[in-house]
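The values are calculated or read from the model by the stated rules, or taken from the named source; none is laboratory data. Only a predicted model underlies this, so the values are computations on that prediction, with no experimental measurement involved. Using ideal geometry, Cβ is built from the backbone for each residue, glycine included, and neighbour counts are taken over all protein chains shown. Only protein heavy atoms, including side chains, enter the accessible area calculation; ligands, DNA and RNA are left aside. Shrake-Rupley method; radii C 1.70, N 1.55, O 1.52, S 1.80 Å.
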Amino acid sequence: MLNDLAAFKALQTHRAECENLSVHDLLVQNPQRLQTYSLEIEGLSVDFSKHLITDQTFRLLMDLAKACNIEDWRNRMFAGEKINHTENRAVLHTALRAPASRPVMVDGEDVMPFIYQTLEQMKSFSEKIRSGAWKGYTGKSIKTVINIGIGGSDLGPRMVCEALWPYCSRDIEVKFVANIDPADISQALQDCNPETTLFIIASKTFTTQETMENAQTAKRWLLAHLKDERAIARHFVALSTNTQAVAAFGIDPAHMFPFRDWVGGRFSLWSSIGLSICIAAGFSRFRALLDGAHAMDNHFCSAPLSANLPVILAMLGVWYRNFWEAQTYAVLPYSQNLALFPAWLQQLDMESNGKGMDREGRQVSYNTGPVVFGSSGTNGQHAFYQLLHQGTTLVPCDFIAALESHYSIGEQHKILLANMKAQSQALIQGRALKEADGNPHRVFPGNRPSTTILLPKLDPFHLGRLLALYEHKIFVQGIIWNINSFDQFGVELGKELAIKILASEE
Ligand code: G6Q
């Protein structure tokens, strides 16, 4: 097991030596520290100088990464090996953003032609919707698009559409319905005109209870107004792996945008699940998002471990989770357009690494994934940051911001960035009793770690890189913890019980 490895034990011994480490002192004493512990890769800069680490810690963390064969596992994932062993599936969201020229084989088939054929289908359809060439049943162009999906079929595209808002068409409104609460679909339909509304039914399995129920409601709503089954073909499309179920629902498989079982739900925004992004922001923006993610894939595959961003972020997370017993981790984007990023990341991280069995089916004897939470800054500062600064729990934080704003109105962006800098500084430097005028309530313990990630601008390319950075970080942690990050059996029991409860109430 992980905690039997010599590299793990060396970190345990080293941890005891870090008890009195003051990172603020290290920062003051060593002006080179920021340079040593930051990386800039084509404009994306990551500052990890405010972590509870020394050169020795960093070396030992990299030794652990090596001992866990990160590079080997990474290569196996990219090559299409079935590393999701509990479901006997490959894990190939990376192929969705790769160039067409390099074959990726799954079960003897090169999947790249299929990927590019689907991208072509998405391009052509989204362009027709955006130009108004696609007509609804009564001959009118589409004005509202409603994506009905949940979990991975919702959070990714919803977050990206919000993040790329400045790039999105103002002529077409794109909405998202996920919840089985009738309020969700009812409110989404409230002001829609059935003649100009398109429904995207996004479901990998096409059996998910919430999505199917909401899709049926949408179909009834449409037919109640347009009174002809033939209208469905002009107002419904499906994003799925399940052709049979799509046809059974009444959607022509010609209007289905396929993907394959080697795309996990929480990694699916790069697949046809991204159709709403193509419609909202345009296909070229979606392509730029894929290209950004691919650039991060290349970095992850080629950079040595000690200069590899996903590996560094992952190992810092392991340091706190396994050696400092940190239960939680906060993600704090200083960007209104990234307001949904914490919810997306929460699923990505907690569904991937919230596991207690190792790959061999043994109960682990060490911590795995943390509780992930967060919200956009500066809003969070006025809400839960109190605990980050003075609470009794260590919460490592990630601050994320774009250096350039899309908006030059007022002084807001400058103030936003100043606040972010101030927070990471306050967390690490703290305030001693003397500086707090002897008032213990105004003391900040300090020594609270954070990473700062800066993008040049929140554009599709850099957003793609940021998302892939976190995907690979979580992958690396799953390998260290020897768990399968790609299944999600933990969501099943509740689903089964809900069906039984429903049946018993009928
Ligand atoms: C993600 C999960 C889960 C999934 C939803 C929706 O990795 O598997 O969030 O995306 O349960 O599933 P469908 O797309 O099959 O409706």
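List of remarks:
- Number of residues in segment 343-389 that are within 16 Å of the ligand (Cβ to nearest atom), open to solvent by 10 Å² or more (accessible area, probe 1.4 Å) and either among the aliphatic types (A, V, I, L, M) or farther than 30 Å from F8 by Cα (or both): the value is 2.
- Tally, over segment 113-134, of residues that are open to solvent by 70 Å² or more (accessible area, probe 1.4 Å) and either modelled with pLDDT under 95 or of a type in the set (G, A, S) (or both): 1
- Count - residues of segment 421-455 that are under 30 Å from E404 (Cβ atoms), assigned to a loop (DSSP other than H, G, I, E, B) and hydrophobic (A, V, I, L, M, F, W, C): 0
- Each residue in segment 366-413 was checked for being farther than 25 Å from N353 by Cα, touching a strand residue (DSSP E or B) at 6+ places or on another chain (Cβ under 7 Å) and in a loop (DSSP other than H, G, I, E, B), and 1 pass.
- Any hit, segment 456-463, residues being aliphatic (A, V, I, L, M), closer than 30 Å to W73 by Cα and in a helix (DSSP H, G or I): yes
- Taking first residues from segment 443-458 that are in contact (Cβ under 8 Å) with a residue 12 or more places away in the chain and partners that are in a strand (DSSP E or B) and of a type in the set (S, T, Y), the Cβ contacts under 8 Å between residues at least 6 apart in sequence or on separate chains come to I453/S45; L454/S45.
For (1) among the charged types (D, E, K, R); (2) more than 21 Å from R266 (Cβ to Cβ), each residue gets a yes or a no:
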{"position": "L466", "(1), (2)": "no, no"}
{"position": "K473", "(1), (2)": "yes, no"}
{"position": "N484", "(1), (2)": "no, no"}
{"position": "D487", "(1), (2)": "yes, no"}
{"position": "L493", "(1), (2)": "no, no"}
{"position": "S504", "(1), (2)": "no, yes"}
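- Of all residue pairs spaced 6 or more apart or on separate chains, those with beta-carbon atoms under 7 Å, a first member in segment 167-182 that is touching a residue at least 24 places away in the same chain (Cβ under 8 Å) and open to solvent by less than 30 Å² (accessible area, probe 1.4 Å) and a second member that is part of a loop (DSSP other than H, G, I, E, B) and of a type in the set (A, V, I, L, M) are I172/I142; A178/I150.
- Within the span defined as segment 272-285, one or more residues are in a helix (DSSP H, G or I), at pLDDT 95 or above and more than 19 Å from I146 (Cα to Cα).
- Among helices (runs of 4 or more DSSP H) entirely within segment 1-42, having at least 2 residues that are over 18 Å from P449 (Cα atoms) and in contact with a Leu (Cβ under 7 Å, 6 or more places away or on another chain) singles out 6-17.
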